[in-house]
Amino acid sequence: MKSKTALDIISFLLILLFIYTAVSKLIDFNQFKGQMYNQTLPRAVAKLLIWTLPEIEILTGLLLLFEKTKPYGFYLSLILMILFTGYIILVVLNYFGRVPCSCGGVIKYLGWKLHLIFNLFFLLLSILAIFITNRERGLVGKEK
């Protein structure tokens, strides 16, 4: 029962994160577009992200809502958090030669180093959820 409670709490936090970030992008779509074009990404990649990232974030949140799809949501969350965190690490290490503007919403007030810690926290939550889910599946398989 403790595992289910932990997974429910992690799911709730990840749903809040991904739905919040998607909605903040969509509410001020023009600002989001400008921020994406200001990133140190090739223009074609920025354009692709502009039209897919909010939808992927919403999909992640929706997958995490339902027990049947929750494991897929955890894996998609892990992939997103690895990509986002990796990008932030490159920014913090001055890999790009310039520091682009931060994300929208409340997160923009964190600065890049705090944003990195924030992302690492959610990355660890995703890893923990996958670990618990896989452990639970192993326990269920042994009972049958």
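The values are calculated or read from the model by the stated rules, or taken from the named source; none is laboratory data. What you are looking at is a predicted structure, and each value in this text was computed from that prediction instead of being measured. Note that each Cβ is placed from the backbone with ideal geometry, even for glycine, and that neighbours are counted across all protein chains shown.
Observations, loosely collected:
- Screening T52 on (1) assigned to a helix (DSSP H, G or I); (2) at pLDDT below 95 shows it passes everything except condition (2).
- Checking L41, L26, L64 one by one, the residue that is at pLDDT 95 or above and not hydroxyl-bearing (S, T, Y) is L64 and no other.
- T21 of a type outside the set (F, W, Y) and touching an Asp or Glu at 6+ places or on another chain (Cβ under 7 Å): yes
- Of the criteria (1) outside any helix (DSSP H, G or I); (2) out of contact with any Pro (no Cβ under 8 Å at 6 or more places or on another chain), which one K47 fails: (1)
- Residues that are closer than 16 Å to L14 by Cβ, among the hydrophobic types (A, V, I, L, M, F, W, C) and in contact with a helix residue (DSSP H, G or I) (Cβ under 8 Å, 6 or more places away or on another chain) were ranked within the stretch 79-90; the one that is surrounded by the fewest Cβ atoms within 10 Å (Cβ to Cβ) is I82.
- For the stretch 1-41, a tally of residues being under 17 Å from E136 (Cβ atoms) and surrounded by 15 or more Cβ atoms within 10 Å (Cβ to Cβ) returns 3.
- Test: N119 is touching a residue at least 24 places away in the same chain (Cβ under 8 Å) and touching a Cys at 6+ places or on another chain (Cβ under 7 Å): no
- Subset of the stretch 55-78 (residues that are of a type in the set (A, V, I, L, M, F, W, C) and either surrounded by 14 or more Cβ atoms within 10 Å (Cβ to Cβ) or part of a helix (DSSP H, G or I) (or both)): I56, I58, L59, L62, L63, L64, L65, F74, L76, L78
- Condition broken by V92, with the remaining ones in (1) modelled with pLDDT of 80 or more; (2) closer than 16 Å to L16 by Cα; (3) in contact with a Lys or Arg (Cβ under 7 Å, 6 or more places away or on another chain) satisfied: (2)
- Filtered residue count, the stretch 60-78, keeping only those that are of a type in the set (A, V, I, L, M, F, W, C), over 10 Å from S11 (Cα atoms) and in contact (Cβ under 8 Å) with a residue 40 or more places away in the chain: 1
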